[in-house]
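The structure under discussion appears below in the form of C-alpha cells.
Please treat every number below as a calculation from the coordinates, not as lab data. As the structure is a computational prediction, the values presented were derived from the model and not from experiment. In this analysis, Cβ positions are derived from the backbone assuming ideal geometry, glycine residues included, and neighbour counts consider all displayed protein chains.
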Amino acid sequence: ISTASPLLTPNFAKGAGPTAVAGHLVPDDNGLVAVGAGLAAFLGHLYPVYLGFRGGKGVATSAGAMGALAPLALALTLLLFFVLVFWKRYMSLGSVVAVAQGRQLAEQVLSGRPRGAGIGTPRWALGT
C-alpha cells in the first residue's frame, strides 16, 4: 500500500473531476452524462493510448467517480472494504466484496429505497 499511496489522490481526482464537472454542466439528465464521464475516465485509466493501451487497475479512478456521484455510497463501501481488510488481512477479499457491493450500495443510496434484506445484501443471494 505504501508504494501506491502517492498515486491514490491523482487517480481518485482523475475519476472525480470529470464526473463532477459533467454533472454540473448537464444537471437534468438523471446523471447519465456524469456516469458517462466517470466511465470514460475509468476506461481511459485502464487503457491509456500513450502506454499502448495498458494501464492500471482503475480502483482509485472508479472510487473517485463513485464519490462524485454518490459520496455516501462511497463512504459505506470504503467502510466495508477497511473492515474486511483489517479483519481478514486480505486486500483482495476487501476489494472484490467492495466492488460487488459498491454498485448495490450506490443504487440503494441514490434511489432512497433500500432493496432486499438490507443494505449490502447481494441480489443473487436473495434469488431476485
Exercise for the section: Calculate the spin-label point distance for Glu107 paired with Ala75, positioning each point 7 Å from the Cα along the beta-carbon direction, and give it in nanometres. Expected result: 2.3 nm
Practice task
Please report the orientation-averaged projected area of region 59-116, defined via the convex hull of its C-alpha atoms, in nm².
Solution key: 3.8 nm²
Problem - Distance between modelled label sites at Val99 and Asn30, nm, 7 Å Cα→Cβ extension - result: 2.7 nm
Practice task
Pop the C-beta distance of Ala40 and Arg89 into the FRET formula with R0 = 25 Å and round what comes out to the nearest 0.05.
Solution key: 0.10
Problem - Fully extended contour minus Cα-Cα distance, from Val21 to Ser5, at 0.36 nm per residue - result: 3.3 nm
